[in-house]
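The block underneath contains the structure these notes are about, expressed in structure tokens.
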Amino acid sequence: MKRRSYGRMELAMEYCPGLHPTSAWRCLRQWIAKNRDLCRQLAALGYDGHQRVFTPAQVQAIVNILGEP
């Protein structure tokens, strides 16, 4: 997976390809919320839970914790 900016639904579809984009985003959002280390890392990288695009650094943090999609 290339480290670049991803829209939240675009990234969610990478992790949950069989779901509708909205459902995939809900799933990814829940995974993020349940993982305290990931929440802390994303917050340190400026993620506030409401942005629509993940930066390359935020994508890297997600991949580091959740693994490659």
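Quick one: net charge of Met1's neighbours, Cβ under 10 Å, K/R +1, D/E -1?
Working: positive: Lys2, Arg3, Arg4; negative: Glu14, Glu68.
My count for the surroundings of Met1 gives +1.
Could you compute the longest span of the chain free of trypsin sites (Lys or Arg not before Pro) located in DSSP loops and having at most 13 other Cβ atoms within 10 Å, not counting the site residues?
Values: sites that count: Lys2, Arg3, Arg4, Arg52.
Result for the longest clean stretch: 5-51.
So with the 1.4 Å probe, I'd like the accessible area per residue for the chain, rounded to whole Å².
Working: 4200 Å² over 69 residues.
Spelled out: the 1.4 Å probe surface of the chain, per residue, equals 61 Å².
When the scattering of the stretch 29-69 is computed by the Debye formula from its Cα atoms alone, each counted once and equally, what is log10 I(q)/I(0) at q = 0.22, 0.23, 0.29 Å⁻¹?
Here log10 of I(q) over I(0) equals -0.64, -0.71, -1.15.
When the accessible area of the chain is computed with all protein chains present and a 1.4 Å probe, what percentage of it is carbon and sulfur?
Details: 2170 of 4200 Å².
So the carbon and sulfur contribution to the accessible surface is 52 percent.
Using only Cα atoms and rounding to the nearest 10 degrees, what angle (0 to 90) does helix 56-66 make with the longest principal axis of the chain?
It is inclined by approximately 80 degrees.
Taking θ = phi - 60°, what integer Hz values does the Karplus form 6.51 cos²θ - 1.76 cosθ + 1.60 yield along the stretch 46-52, in sequence order, with x for Gly and Pro?
Here the 3J(HN,Hα) series is x, 6, 10, x, 10, 6, 9 Hz.
Show me, for the stretch 31-44, the HN-Hα J-couplings you get by feeding each phi into the Karplus relation (A = 6.51, B = -1.76, C = 1.60, θ = phi - 60°), rounded to Hz, glycine and proline as x.
Residue by residue, the stretch 31-44 yields 4, 5, 5, 7, 10, 4, 4, 5, 4, 5, 5, 5, 4, 5 Hz.
Accessible area, 1.4 Å probe, largest first: how do His50, His20 sort? Don't jump to the answer; show the numbers that get you there.
Values: His50 145, His20 120 Å².
Sorted by accessible area, descending: His50, His20.
Sequence gap at least 6, Cα distance under 8 Å: using those rules, report the relative contact order of the chain to the nearest whole percent. Don't jump to the answer; show the numbers that get you there.
On the way: 63 pairs, mean separation 29.3, N = 69.
This gives 42 percent for the chain.
Sorted by accessible area (1.4 Å probe), largest first, how do Val59, Val53 line up?
Per-residue accessible area, sorted high to low, gives Val53, Val59.
Among (1) -0.25, -0.52, -1.11; (2) -0.62, -0.88, -1.05; (3) -0.29, -0.57, -1.06, which one is log10 I(q)/I(0) by the Debye sum over Cα atoms at q = 0.12, 0.17, 0.24 Å⁻¹ computed from these coordinates?
Among (1) -0.25, -0.52, -1.11; (2) -0.62, -0.88, -1.05; (3) -0.29, -0.57, -1.06, the one derived from this structure is (1).
The values are calculated or read from the model by the stated rules, or taken from the named source; none is laboratory data. Just so we're clear, the structure is a prediction, and the values are computed from it rather than from any experiment. Positions of Cβ are generated from backbone atoms using ideal geometry, with glycine treated the same way; all protein chains shown enter the neighbour counts. The protein model used for the area step is the full one, side chains on, heavy atoms only, and it has no ligands, DNA or RNA in it. Shrake-Rupley method; radii C 1.70, N 1.55, O 1.52, S 1.80 Å.
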